[in-house]
Amino acid sequence: MKSLGTLLTPLDTESVLAGGAFVHLDGALHGSFTTRDFASAVRLVDQVAEAADAMNHHPDVRLGYGQVGFRLSSHDAGGVTDRDLRLALRIQELADAQGADRAPVRPARYDVAIDCTDAEAIRPFWRVGLGYVEIDSEGEIELVDPHGQGPRVWFQTMDIVRTERNRIHLDVYLPTIDAESRVQDVIAAGGDLLTDEHAPDWWVLADPEGNELCVCTTVS
């Protein structure tokens with residue numbers, strides 16, 4: 001394994017996590033489990049808390065009736081490191097020992113992309129209209145929901161106004177292992193594959209009236 005502070009990509013973690021509940025998406029490891037009841041979910045969280053304290057590395061936890069989810073990321077490094085990978089494997093061991101099953105829910109992130117010739121001119125409209133705030137994402141200004149519920153909005157600059165196509169499209173970000181099957185499901189549901197030249201980073205699809213959807217993965 002790499003050193004503790006080295007950022008890991010989904011390619012680095014895919015084989016190690018294969019067969020378990022955890023997947024790597026958007027700079028974090030996500031794992032969800034189903035248990036017999038609420039008490040057993042609490043017991044799993046208690047066991048994970050002990051393991052996390054021993055490792056001095058703590059996950060975000062989502063607890064419900066018969067279900068518990070974990071999100072692991074090294075905030076000091078800005079993504080997934082070996083600390084997260086080791087904790088994910090330990091959580092998987094504890095869940096297996098308790099008889100918890102992998103939950104069918106898989107993580108995803110949804111973005112809205114707006115084609116434009118002048119992002120500075122139109123961004124305030126969308127920021128105020130949606131009640132969003134601006135963030136700097138790798139040198140690009142994007143809009144996010146301060147409550148963490150709505151999709152991110154980003155602006156795709158183009159030199160010439162496109163009048164032959166819809167200028168707003170949706171992006172869905174999935175774990176790498178889920179992306180290609182989602183593309184095939186979209187095609188089976190009546191979608192057209194416009195291009196896969198950038199796969200496995202992203203595929204561009206359209207519905208029967210030409211509205212576009214990008215199925216994407218992340219590099220972190």
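The values are calculated or read from the model by the stated rules, or taken from the named source; none is laboratory data. All values derive from a computational prediction rather than experimental measurement. With ideal geometry, Cβ positions are generated from the backbone for all residues, glycine too; neighbour counts draw on all protein chains shown. Accessible surface is based on the protein model in full, side chains and every heavy atom, while ligands, DNA and RNA are left aside. Shrake-Rupley method; radii C 1.70, N 1.55, O 1.52, S 1.80 Å.
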Residues to consider are Leu143, Leu193; find the one that is over 27 Å from Gly78 (Cα atoms), part of a strand (DSSP E or B) and not polar (S, T, N, Q).
Leu193
Taking the range 43-92 on its own, how many of its residues are in contact (Cβ under 8 Å) with a residue 24 or more places away in the chain, in a helix (DSSP H, G or I) and of a type in the set (A, V, I, L, M)?
10
Looking for whichever is closer than 21 Å to Ala28 by Cα and exposed (fewer than 15 other Cβ atoms within 10 Å of the Cβ) here; the options are Gly210, Gly129, Gly148, Gly190. Which one fits?
Gly148
Residues of the range 153-187 being buried (at least 16 other Cβ atoms within 10 Å of the Cβ), touching a Cys at 6+ places or on another chain (Cβ under 8 Å) and in a loop (DSSP other than H, G, I, E, B), which ones?
Leu174
Let me spell it out: the conditions are (1) polar (S, T, N, Q); (2) in contact with a helix residue (DSSP H, G or I) (Cβ under 7 Å, 6 or more places away or on another chain); (3) open to solvent by 10 Å² or more (accessible area, probe 1.4 Å), and Asn56 meets all of them except one. Which number is the exception?
(2)
Working only within the range 108-126, note down all residues that are out of contact with any Leu (no Cβ under 7 Å at 6 or more places or on another chain), part of a helix (DSSP H, G or I), open to solvent by 30 Å² or more (accessible area, probe 1.4 Å) and not charged (D, E, K, R).
Ala121, Ile122, Pro124, Phe125
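Results for (1) modelled with pLDDT under 95; (2) within 30 Å of Ile141 (Cβ to Cβ), shown as yes or no for each residue.
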| site | (1), (2) |
| --- | --- |
| Thr6 | yes, yes |
| Gly66 | yes, no |
| Phe70 | no, no |
| Leu85 | no, no |
Single condition Val48 does not satisfy, out of (1) surrounded by fewer than 17 Cβ atoms within 10 Å (Cβ to Cβ); (2) out of contact with any Ser or Thr (no Cβ under 7 Å at 6 or more places or on another chain); (3) not hydroxyl-bearing (Ser, Thr, Tyr):
(1)
